[in-house]
Amino acid sequence: MDNLNVYQPSGKFSPFSFIFFLLVAVTALPILGLVYAYCIWYIPFIYINFIIALAFGFITGLAINIFVIGKGKVRNVNIARLFGLAGALVAMYFHWSVWVDLVINAGEQIGTGKYGITVSNISIFQVFSLAIDPSTLFMIIEEIQKVGTWGLKGNTVSGPFLYVIWGVEALLIIVPAVIVTTAKSRMPYCEMSDTWFKEIQLPEFNIVADINAIIENISNNQDEFINDLTFVENTEQHHMVITLFTSEYSDNYLTIEKKIASLDKDNKVKLDTTTIVEYLHVDKKLVTQLLSHKPVTVNLGEQSS
């Protein structure tokens, strides 16, 4: 498994990717920062706010993934990471500009002593003034941390502990943003046609007992395993997903994922995904056979992993 012929990014990128990043930085990211600031201001539950922070980071990464990495044809993982990090920091900066303005304009408090919100709205011109004056913005943030603006279990969170909370929040935003942007840069790209490979997900298959044997067959351009592939009738049971990455002018690749079904605490089915192999080189003949394969459909019943 260690010597598999898998796709390796070329390390190239288009100079236009930096222009695309600037466009996203002055359009999508300020809007995301605005929405995020209002969400955490008006939702007085710190644990939910952590989930919102993760979503903010993911959506930020997704915006960069689509408009910078994708459109900018970035096949360099390190540059993709920098775009993800820079995008997360820019989005957070606009969030801070909005959030600080909400603090400045804070008004009436609504709710109980345990759960409550403070009504506030921003002044667009004031937010803009804060955004273009980072020294003033960070000075106000420093003053805010001394007194705090919200409480936890009846105590106002301020001082060094508030910095810790803000640090955790930053990680929850930065990490998913970087992961999402990096993932796109690693996907197969055809240098001859200067386009991303076409991605084709095959119908869900029954999990084969020896997946390593399939990988060995593919590596040796053997097709015996294809006849053993059977459709899954119910995709809420254990199954296997094969995704092809094809190009008319270059090599072809595939990814195999195993999805294991289980019940969560609400008795709803959840699928845990494990990537068995990613971007494995596959012969064009095998691609054609996989695309034309018509397996029978089976019900997995009580199949185990």
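The values are calculated or read from the model by the stated rules, or taken from the named source; none is laboratory data. Because the structure is predicted, anything quoted here is derived from the model rather than measured. Glycine gets a Cβ as well: all are built from the backbone with ideal geometry, and neighbour counts include every protein chain shown.
Regarding region 31-41, can at least one residue be identified that is over 18 Å from residue 66 (Cβ atoms), part of a loop (DSSP other than H, G, I, E, B), touching a residue at least 40 places away in the same chain (Cβ under 8 Å) and not aliphatic (A, V, I, L, M)?
No, because not a single residue in region 31-41 is over 18 Å from residue 66 (Cβ atoms), part of a loop (DSSP other than H, G, I, E, B), touching a residue at least 40 places away in the same chain (Cβ under 8 Å) and not aliphatic (A, V, I, L, M).
Among the listed residues 94, 50, 18, identify the single one that is in contact (Cβ under 8 Å) with a residue 12 or more places away in the chain and surrounded by 18 or more Cβ atoms within 10 Å (Cβ to Cβ).
Being in contact (Cβ under 8 Å) with a residue 12 or more places away in the chain and surrounded by 18 or more Cβ atoms within 10 Å (Cβ to Cβ) holds for just one of 94, 50, 18, which is 94.
Which residue out of 228, 283, 272 is closer than 28 Å to residue 11 by Cα and either touching a Cys at 6+ places or on another chain (Cβ under 8 Å) or of a type outside the set (A, V, I, L, M) (or both)?
283
Consider region 183-223. How many of its residues are surrounded by 20 or more Cβ atoms within 10 Å (Cβ to Cβ) and within 14 Å of residue 80 (Cβ to Cβ)?
Going through region 183-223 one residue at a time, the tally reaches 3.
Report yes if residue 265 is under 21 Å from residue 66 (Cβ atoms) and out of contact with any Ser or Thr (no Cβ under 9 Å at 6 or more places or on another chain), otherwise no.
So residue 265 does not fit the description; no.
Only one residue in 55, 63 is part of a helix (DSSP H, G or I), in contact (Cβ under 8 Å) with a residue 12 or more places away in the chain and assigned by TED's automatic domain parsing to the domain that holds residue 141, so which one is that?
Within the list 55, 63, the selection yields 63.
If you take the residues in region 280-305 that are of a type in the set (Lys, Arg) and modelled with pLDDT of 90 or more, which one is surrounded by the most Cβ atoms within 10 Å (Cβ to Cβ)?
In this case the residue turns out to be 284.
Tell me yes or no: at least one residue of region 255-275 is surrounded by 17 or more Cβ atoms within 10 Å (Cβ to Cβ), within 25 Å of residue 192 (Cα to Cα) and either touching a strand residue (DSSP E or B) at 6+ places or on another chain (Cβ under 7 Å) or at pLDDT 90 or above (or both).
Checked against the condition, which is being surrounded by 17 or more Cβ atoms within 10 Å (Cβ to Cβ), within 25 Å of residue 192 (Cα to Cα) and either touching a strand residue (DSSP E or B) at 6+ places or on another chain (Cβ under 7 Å) or at pLDDT 90 or above (or both), region 255-275 yields at least one hit.
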